[in-house]
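Structure record follows, encoded as structure tokens.
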Amino acid sequence: MQLLDTIVNFSSVDTSPSFKVCDSIIDKQKKNNCFRTTIHQKIGAELQKHQFVIRDSISEIVYVDLLINF
């Protein structure tokens with residue numbers, strides 16, 4: 001979750017990114033936590049649709065491009 005903080009500086013934005021499920025939450029920290037949890041669940045669900053085969057032990061960072069539609 002720390003990498004998310006380097007992408008979105010939550011302390012310097014007027015309105016934090018949100019999902020509909022989080023929109024009714026008033027407390028800023030709880031709303032941020034809802035966003036984090038929801039985005040991780042959505043990314044995880046998309047990754048589970050694919051089968052990854054690893055032959056050797058690796059320690060790498062995976063970059064994922066996101067397309068955001070309104």
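Here are a few things to note about the model shown:
- Members of the range 42-65 that are within 30 Å of Lys20 (Cα to Cα), of a type in the set (Asp, Glu) and either in contact with a Ser or Thr (Cβ under 7 Å, 6 or more places away or on another chain) or modelled with pLDDT of 80 or more (or both): Glu46
- Check on Ser11, modelled with pLDDT of 80 or more and hydroxyl-bearing (Ser, Thr, Tyr): no
The values are calculated or read from the model by the stated rules, or taken from the named source; none is laboratory data. Since the model is a prediction, treat every value here as computed from it, not as a measurement. All Cβ positions, even for glycine, are placed from backbone atoms using ideal geometry, and neighbour counts span all protein chains on display.
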